[in-house]
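In what follows, a single structure is set out as structure tokens and then discussed.
Only the coordinates and a few stated rules stand behind these numbers; no lab work does. Quick caveat, the model's predicted, so the values are computed rather than measured. Neighbour counts run over all protein chains shown; Cβ positions are idealised from the backbone, glycine included.
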Amino acid sequence: MAEGGGEGPRGRRINRRDFLRLSGAGLVGVILLGVAGCVGGGQDGRSVNLTFSFFPDRTGSVQKLVDEFNSRNEGQIQATYREMPADSDQHFDQLKTELQSGSGDIDVIGGDVIWPAQLAANGWISDLSDRFPEEERGEFLPAPIQANTHQGRIYGVPWYTDAGMLYYRRDLLEQSRFSGLLETYDEMKDVAKRVQRDSGLRYGFVFQGADYEGGVVNALEYIWNSGGEVLDASAPNRVTIDSPEAIRGLQIERSMISDSVAPEGVTQYKEQESATIFLNGEAVFMRNVPRMYALASDPNESKIRPEQIGISALPVAAEGNQSHSNLGGWNLFINAASKNQDAAWEFIRFMSAPEQQKFRAINGSVIPTRQSLLEDREILDKVPVISSGREAIQNTKPRPVSPYYSDMSLRMAKQFNTSLQGGVSPEDAVKMLQEELTTIVERGQA
């Protein structure tokens, strides 16, 4: 499952005592959330029943939050957690089918960060601009807010976030007498080759290059970190991928293989394949998502220990370029066809409030979207990847925010993967994408 979707991260299971300790249930919770007692039942005085859809959560933390919401709102609002497919593409297809039919069976949607523009453009999710004012949006990380914004209106509340990070073998770099942060891809390649020679590791660098959404995510990072873009920021329906900067990004990505830093296999790797190689102690560097760090603490998953691993922001093409990590994560939307709009909003307020985000961070091993929680000492102690990967988290960038993104992504996945394999030059790949993406946008506007 790619970048922010799929199976939930692993974490410890929890009991109600843990929840109450973290959430401060009672007066503090009511003040923070404004939930308990603020919404009456339905017009006939009965409790409003909500359905919340989200992918399966192995940690149990989501169900615990739903149970706590129901306990606080007994007799007023009761929510049911409906599990959707773990695979993000299957999840979206099922959701899309229901929304296209005008079904209001789902009230609150837990949705991928790449969905808002398409859902909003089709009128399938509610405009939350009046409920979620700008001063409250300022409490959240900017990139997730940007991803939930379409044509100046906001359609979702960020729930948790994700970011691409550069993992490295801290112990081996120290043994080879390297210190300090690596800024450019060339520096990373040089260090990788040196550490390979010194340590005998099989690979210098592994990442996600397969023909799927994660391959798009990785390639976009190379393009952005070379100064390129896919869409014009000031005119988001204008495709700008055919540029020297985008070509340079794909050239760098391909050079990881042609310069023998990465194996040919990265053209088929997804998150788990990359993590398995790195955690088996076979690679110096790895690009991956934050949840992979937790696996290093499990001897059944990793031959190396957390203290042997360093994390930094992704490299750039040249000094002066800004490092960007691709934004992942999930958000909370209201189905526009739901008959329980007010109750759905109260559920979203509860789930996205500081105490609930803290609970999910600690017990679900996810990164909260509220900026203040990134400084919370208990969260930092329990989820150390936040401290190590802070720069990457703060420099995330959303994939092209477009109602046509799902079609665009399919074309990018194919061209990026073909370029990485050497089947087409980066110049021809971006030229083809310029034509294909422009056609998609124009067809969508017709």
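If only the Cβ of Lys and Arg carry +1 and only the Cβ of Asp and Glu carry -1, the dipole of the chain around its Cα centre is close to 1020 debye. Simple point charges give the picture: +1 on the Cβ of Lys and Arg, -1 on the Cβ of Asp and Glu, and for region 146-238 a dipole about the Cα centre of about 220 debye. Of the two radii for region 211-350, the radius of gyration is 1.07 times the Kirkwood radius, both from the alpha carbons; that is the Rg over Rh value. To the nearest 10 degrees, how steeply does helix 426-445 sit against the main Cα axis of the chain, on a 0 to 90 scale? Taking the Cα atoms of the chain, the angle to 426-445 is about 20 degrees.
What the phi angles of region 415-421 give under the Karplus curve with 6.51, -1.76 and 1.60, with θ = phi - 60°, is a coupling list of 5, 5, 5, 5, 5, 5, 6 Hz, glycine and proline written as x. Looking at the chain alone, DSSP beta bridges between its own residues are antiparallel in about 65 percent of cases.
In plain terms, the residue of 61, 425, 274 with the fewest other Cβ atoms within 10 Å comes first and the most crowded comes last, giving 425, 61, 274.
Helix-derived [θ] at 222 nm for the chain: sum -39500 (n - 2.57) over DSSP H runs of at least 4, divide by residue count, nearest 500?
Computed mean residue ellipticity for the chain: -12500 deg cm²/dmol.
For residue 129 and residue 176, the difference between the fully extended length at 0.36 nm per residue and the C-alpha to C-alpha distance is 11.6 nm.
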